[in-house]
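The values are calculated or read from the model by the stated rules, or taken from the named source; none is laboratory data. Quantities reported herein were computed from a predicted structural model and do not represent experimental measurements. Every residue, glycine among them, receives a Cβ derived from its backbone with ideal geometry; neighbour counts consider all protein chains shown. The accessibility values were calculated without ligands, DNA or RNA, using every heavy atom of the protein model including side chains. Shrake-Rupley method; radii C 1.70, N 1.55, O 1.52, S 1.80 Å.
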Amino acid sequence: MKQIVVLSGAGISVESGLSTFRDNGGLWDKYPIEEVATIQAWNNNPQKVTDFYNLRRDNCVNAEPNMAHILIGQLEERFSVKIITQNIDDLHERGGSSDVLHLHGEIMLARSCGTGDTYPIKRGENITYGDKCPKGFLLRPDVVWFGESVPNLVIASEIVKKADFLIIIGTSLQVYPAAGLIYDAPINCKKFVIDPNELSLPNDFVHIKKTGTKGMNDVIKLLE
């Protein structure tokens, strides 16, 4: 069975009502990245960071997977499919995908500042600043912030190296080190990028200039 690897970013969740860093009118307009999405922000004002991710969690819980997520989930009927996502939401899982690697953490988990262990957060619940893990360490959102290493990057690289098809959707390939994963794909891998904007891409990439759902419909027709 041929292997499809999907590398997804925030753009795939826009049709579900979740804003990206660059969208106007979303949470990021009210909370600048440097105040809530860096390790320095956590060290300086952990209460504000906790409150921000509680809002993001509420947004994710209330969002529903869109047709792009669902179409990707349905690919498992014909292919072996692995998702590598920069997103912290769980829309891929709820859209039917069973093998999802989160590069930047998961909004539905809390992480111990002392042990690194993670703990599920029930839907409808949040982290209160000051909450502690069973070993007495402070809990923080399970999110990889700017300024932190990406623990799953090596695993992601090994996954991409085995791809027969690479589908990139919802990311402008500007966030490193995640964007560098495209160069780990085998030479004979068929590579697709779904993005309505102009991008600078290697010559062996097929650029489908459409939004997520429309682009996925096109890609599905090209898979053999």
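Of the residues that make up region 185-208, is at least one assigned to a loop (DSSP other than H, G, I, E, B), without any contact (Cβ under 8 Å) to a residue 24 or more places away in the chain and β-branched (Val, Ile, Thr)? Scanning region 185-208 turns up at least one residue that is assigned to a loop (DSSP other than H, G, I, E, B), without any contact (Cβ under 8 Å) to a residue 24 or more places away in the chain and β-branched (Val, Ile, Thr). Any residue that is over 23 Å from residue 144 (Cβ atoms), open to solvent by 50 Å² or more (accessible area, probe 1.4 Å) and without any contact (Cβ under 8 Å) to a residue 40 or more places away in the chain - is there at least one of those in region 45-53? The answer is no, given that none of the residues of region 45-53 is over 23 Å from residue 144 (Cβ atoms), open to solvent by 50 Å² or more (accessible area, probe 1.4 Å) and without any contact (Cβ under 8 Å) to a residue 40 or more places away in the chain. Among the strands (runs of 3 or more DSSP E) lying completely within region 85-170, list those that include at least 1 residues that are within 16 Å of the chain's Cα centre (by Cα) and within 30 Å of residue 211 (Cβ to Cβ). So the answer is 100-102, 105-112, 139-143, 165-169.
Does any residue of region 132-148 turn out to be open to solvent by 30 Å² or more (accessible area, probe 1.4 Å) and in contact with a Cys (Cβ under 8 Å, 6 or more places away or on another chain)? Scanning region 132-148 turns up at least one residue that is open to solvent by 30 Å² or more (accessible area, probe 1.4 Å) and in contact with a Cys (Cβ under 8 Å, 6 or more places away or on another chain). Any chance region 74-81 includes a residue that's closer than 30 Å to residue 186 by Cα and in contact with a His (Cβ under 8 Å, 6 or more places away or on another chain)? The answer is no, given that none of the residues of region 74-81 is closer than 30 Å to residue 186 by Cα and in contact with a His (Cβ under 8 Å, 6 or more places away or on another chain). Of the residues making up region 182-200, those that are modelled with pLDDT under 95 and either touching a Leu at 6+ places or on another chain (Cβ under 8 Å) or open to solvent by less than 30 Å² (accessible area, probe 1.4 Å) (or both) number 3.
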